[in-house]
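First the structure, then my questions, so here it is.
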Amino acid sequence: MSRVQTLEIPLIEATNESLEGYGYLVDCYENSDIEIVTWPKQGWREIDQGTGNEGGATEGSFNTWWDGSTLHGENNAVQHNNCEYEEDGKYVLAYSSHPDKLVVNNNYVPAKKMYLWHVNYHPDGGQLFFPTQPGVFISPLALPGDDIKPEDFKAFYFNGTKGLYIHPNVWHEGVFPVAEKSSFMGRQGKVHARVSIDLKKEFNKYLCFRTNI
């Protein structure tokens, strides 16, 4: 395979207008609901009304921390089974330098760029991230559809005073804080179905975005 390419995606200020179709800003965590999607029918017979959407939501902290050039994340809202893209409930979210030139266990240096290798969506419900303290964070998003391309992504910039709600089926990969350590209150569909793309394997590309507007 040829050398992995880097695609820089636009960085956009997050407003309810710019987030239309992807989600919206959240002022209050406690008063926010999660959309739950009815289980899809398998054949021509319909799902009985009032069933298939009873799993409800789950919540817990979403924590992030930098280790050298690598941004790690841990989602405590859901049960983990050590699938292909995580280990003991922990993820590799992004890198602050090109993934082929990583720095390990160095002193924390705020990222000027972030490189993204993986994206996913949840077909069973929406997802909410709300910061526990102010601080800039970024979320790369793309509209629903399995025929997605790296060029379809935009990176949304948040000043940290409000949270982010993401609609079901919207492509994302959590939240990407600039601070060395951050924590968010998280809420999402309890089934936690996940559809993933390894961008390097499928497109031979990394997504890249700047961290300041």
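Rule-based calculations on the coordinates, nothing more; no lab input. All values derive from a computational prediction rather than experimental measurement. All Cβ positions, even for glycine, are placed from backbone atoms using ideal geometry, and neighbour counts span all protein chains on display.
³J(HN,Hα) across the stretch 4-12 via Karplus (A = 6.51, B = -1.76, C = 1.60, θ = phi - 60°), whole Hz, x for Gly/Pro?
5, 7, 10, 10, 7, 9, x, 9, 10
Multiplying the sequence separation of Ile213 and Arg45 by 0.36 nm and subtracting their Cα-Cα distance, what value in nm do you get? Write down the numbers at each step before the final one.
On the way: separation 168, 0.36 × 168 = 60.48 nm, distance 5.01 nm.
Contour length minus Cα-Cα distance gives 55.5 nm.
Another one. Farthest toward the dipole's positive end in the stretch 35-91, which of Trp44, Gln79, Thr64, given Cβ charges of +1 (Lys, Arg) and -1 (Asp, Glu) about the Cα centre?
Selected residue: Trp44.
For the chain, what is the mean residue ellipticity at 222 nm derived from helices alone (per DSSP H run of n ≥ 4: -39500 (n - 2.57); sum divided by total residues; nearest 500 deg cm²/dmol)? If you can, show how the numbers build up before the last one.
Values: 1 runs with 5 residues, N = 213.
Only helices count here, giving -500 deg cm²/dmol.
So between Asn106 and Asn16, what do we pick up on full extension, going 0.36 nm a residue minus the alpha carbon distance? Please report the intermediate quantities before stating the final value.
Numbers: separation 90, 0.36 × 90 = 32.40 nm, distance 3.75 nm.
Computed gain between Asn106 and Asn16 is 28.6 nm.
Continuing with this model, one more query. For the chain, with only Lys/Arg (+1) and Asp/Glu (-1) charged at the beta-carbon, what is the dipole magnitude about the Cα centre, in debye rounded to 20? Spell out each step's value before the answer.
Working: 18 positive and 28 negative charges, 143 e Å.
The calculated dipole for the chain is roughly 680 debye.
Here's something else I'd like to know. Over 27 Å between Cα atoms: which of Lys41/Lys90; Lys113/Lys200; Lys112/Lys190; Lys101/Lys162; Lys113/Lys149; Lys112/Lys154 fall into that group?
Values: Lys41/Lys90 32 Å; Lys113/Lys200 18 Å; Lys112/Lys190 35 Å; Lys101/Lys162 34 Å; Lys113/Lys149 21 Å; Lys112/Lys154 17 Å.
Check vs 27 Å cut-off fails for Lys41/Lys90; Lys112/Lys190; Lys101/Lys162.
Taking log10 I(q)/I(0) by the Debye sum over Cα atoms at q = 0.08, 0.15 Å⁻¹ straight from the coordinates, which label in [x] -0.43, -1.05; [y] -0.27, -0.96; [z] -0.33, -1.08 is the correct one?
Read-out from the structure maps to [y].
Right, next: Set the Förster radius R0 to 22 Å, insert the Cβ-Cβ distance between Glu30 and Lys181 as r into 1/(1 + (r/R0)^6), and round the FRET efficiency to 0.05. Intermediate results must be reported in sequence, preceding the final value.
Numbers: r = 24 Å, r/R0 = 1.08.
Efficiency computed from Cβ-Cβ geometry: 0.40.
Just name one of Tyr108, Ile148, Pro123: the one whose Cα is farthest towards the positive end of the charge dipole of the stretch 96-149 (beta-carbon charges, Lys/Arg +1, Asp/Glu -1).
Tyr108
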